[in-house]
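Peer 1: Here it is, the structure in full.
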Amino acid sequence: MFHRSLCLVQGRKLWLFLSVLMFVVILSFFQYNYLKLKEDRDKLEATVSKLQTYYNLKENAKLQKQRRDYDEGQLIIYNRVPKTASTSFVNVAYDLCKKNGFNVLHLNVTGNLHFMSIADQARFIRNITKWTEKKPAIYHGHVAFIDFLKFGAREKPIYLNLLRRPLDRLVSYYYFLRYGDNFRPHLIRRKHGDKMTFDECVQQKQPDCNPENMWLQIPFLCGHSSECWEPGNEWALEEAKRNLLSHYLVVGVTEQLTDFIAVLEATLPSFFSGAIEHFKSSKKGHLRKTNQKIEPNEETIRQIKSTVIWKMENELYEFALQQFQFLKKRMERNKDGDLVDKGHPVYRETLWPHVLAMILTTLTLALVNSTSKY
């Protein structure tokens with residue numbers, strides 16, 4: 001009996017020992033597997049991190065090459081409307097071209113016309129797209145919009161323009177023809193010696209102040225169709241709006257010239273880096289001013305604004321202003337009051353973060369499953 005009790009006690013001790021031993025073995029097993037999985041996970045994270053770094057470096061090098069190739073092949077066309085501060089803006093481009101590494105070329109249309117024949121348009125497109133030695137480049141001139149895609153060109157330029165309040169532009173041009181400006185003060189203009197004021201011209205219904213002379217900003221954005229050059233043509237106005245939205249990167253307004261330059265500096269830094277600082281500090285900032293200009297009286301303004309031509313030209317101006325203000329809302333002003341890019345980074349999505357997450361999830365599930373079996 002005593003022997004039997006002793007055997008039971010020893011059996012229980014042995015069972016307890018074996019149970020503790022089994023528990024220690026199982027615990028050691030789990031701990032070993034956990035540490036091994038953790039070590040594998042750390043190695044995997046390090047490997048994926050290295051691969052991600054390599055991938056990012058490779059992508060960045062590829063993007064830099066693409067950006068460099070893109071910048072070197074860029075073409076900008078500024079089909080400048082007369083008397084809209086275009087000379088002031090173009091001089092900024094001339095002053096920056098050497099520093100920023102681009103060319104500025106003047107497009108002088110024969111006979112000071114604002115449109116080309118269809119053959120001349122084709123030659124112009126062929127010449128500037130093939131002239132790689134002059135790229136990147138800004139072409140500027142008093143010429144209507146040309147649709148490159150219409151001629152089958154694979155390369156599409158960046159179009160820019162400035163618009164001005166139509167009556168202000170007409171008055172400025174009227175006095176410019178009589179008194180010239182401070183850009184070339186000794187040049188004798190076509191109407192030199194004519195002392196008639198703009199108000200008197202309107203009263204006498206002279207051709208120089210005919211409201212149809214305001215019909216210029218619409219055809220410049222409309223293009224080379226015959227309807228574009230018919231004063232008062234509704235289709236021309238709508239086509240000008242469509243082209244503004246579809247083909248022009250930025251259309252600013254003369255009254256906000258500094259903001260126009262700021263938007264371009266933020267958008268096209270390879271051309272306009274440093275443009276705002278230069279424009280504000282340079283004496284050429286407002287280079288071209290009409291030597292003498294008398295503002296029209298209220299009656300003249302009322303008469304001009306009652307015309308169909310003014311209403312249509314003003315509609316285009318207000319449309320352009322609305323689009324320009326919309327662009328500006330996506331920017332902010334610095335301490336000097338200049339528009340600057342907000343600088344929100346754009347993160348490019350890559351495959352590696354998803355791969356890493358999938359692998360880590362798989363390892364975690366494997367660890368949980370192995371634990372649940374025991």
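Peer 1: Quick one: what pairs do we get from region 311-336, first residue in contact (Cβ under 8 Å) with a residue 60 or more places away in the chain and over 19 Å from Thr84 (Cβ atoms), second outside any helix (DSSP H, G or I) and open to solvent by 80 Å² or more (accessible area, probe 1.4 Å), C-beta under 7 Å, 6+ apart or different chains?
Peer 2: Here the result reads Met331/Asp341; Met331/Lys342, each pair linking region 311-336 to a residue that is outside any helix (DSSP H, G or I) and open to solvent by 80 Å² or more (accessible area, probe 1.4 Å).
Peer 1: Can you tell me which residues in region 262-282 are in a helix (DSSP H, G or I), hydroxyl-bearing (Ser, Thr, Tyr) and farther than 13 Å from Leu339 by Cβ?
Peer 2: Ser270, Ser281
Peer 1: Yes or no: Tyr179 open to solvent by 20 Å² or more (accessible area, probe 1.4 Å), of a type in the set (Ser, Thr, Tyr), modelled with pLDDT under 95 and touching a helix residue (DSSP H, G or I) at 6+ places or on another chain (Cβ under 9 Å)?
Peer 2: Against the criterion (open to solvent by 20 Å² or more (accessible area, probe 1.4 Å), of a type in the set (Ser, Thr, Tyr), modelled with pLDDT under 95 and touching a helix residue (DSSP H, G or I) at 6+ places or on another chain (Cβ under 9 Å)), Tyr179 does not qualify.
Peer 1: Condition check: under 18 Å from His140 (Cβ atoms), touching a strand residue (DSSP E or B) at 6+ places or on another chain (Cβ under 6 Å), open to solvent by 10 Å² or more (accessible area, probe 1.4 Å) and aliphatic (A, V, I, L, M). Does Leu216 satisfy that?
Peer 2: Taking the combined requirement at face value, the residue does not satisfy it.
Peer 1: I've got another one for you. Would you check if Lys99 is within 24 Å of the chain's Cα centre (by Cα), modelled with pLDDT of 70 or more and open to solvent by 30 Å² or more (accessible area, probe 1.4 Å)?
Peer 2: yes
Peer 1: Let me ask something additional. Restricting the first residue to region 95-122 and requiring it to be farther than 17 Å from Trp229 by Cα, which pairs with a second residue that is open to solvent by 60 Å² or more (accessible area, probe 1.4 Å) and among the basic types (Lys, Arg) meet a Cβ separation below 8 Å and a spacing of at least six or different chains?
Peer 2: Asp95/Lys284; Asn103/Lys134; Leu105/Lys134
Peer 1: Residues to consider are Gly252, Gly193, Gly285; find the one that is within 28 Å of Leu160 (Cα to Cα) and at pLDDT below 95.
Peer 2: Gly285
The rows are residues; the columns are (1) at pLDDT below 70; (2) in contact with a Cys (Cβ under 9 Å, 6 or more places away or on another chain); (3) under 30 Å from Gln121 (Cα atoms).
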{"residue": "Phe2", "(1), (2), (3)": "yes, no, no"}
{"residue": "Lys43", "(1), (2), (3)": "no, no, no"}
{"residue": "Arg67", "(1), (2), (3)": "yes, no, yes"}
{"residue": "Arg80", "(1), (2), (3)": "no, no, yes"}
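Peer 1: Considering every residue within region 149-164, establish whether at least one is buried (at least 16 other Cβ atoms within 10 Å of the Cβ), without any contact (Cβ under 8 Å) to a residue 60 or more places away in the chain and hydroxyl-bearing (Ser, Thr, Tyr).
Peer 2: no
Peer 1: Return the residues of region 219-252 that are within 22 Å of the chain's Cα centre (by Cα) and open to solvent by 60 Å² or more (accessible area, probe 1.4 Å); say none if nothing qualifies.
Peer 2: Within region 219-252, Arg242, Leu245, Ser246, Leu249 meet the criteria.
Peer 1: Continuing with the same structure: What do you reckon, is Pro185 open to solvent by 20 Å² or more (accessible area, probe 1.4 Å) and at pLDDT below 90?
Peer 2: Spelling it out, Pro185 is indeed open to solvent by 20 Å² or more (accessible area, probe 1.4 Å) and at pLDDT below 90.
The values are calculated or read from the model by the stated rules, or taken from the named source; none is laboratory data. Because the structure is predicted, anything quoted here is derived from the model rather than measured. Note that each Cβ is placed from the backbone with ideal geometry, even for glycine, and that neighbours are counted across all protein chains shown. SASA here: full protein model, heavy atoms, side chains in, ligands and nucleic acids out. Shrake-Rupley method; radii C 1.70, N 1.55, O 1.52, S 1.80 Å.
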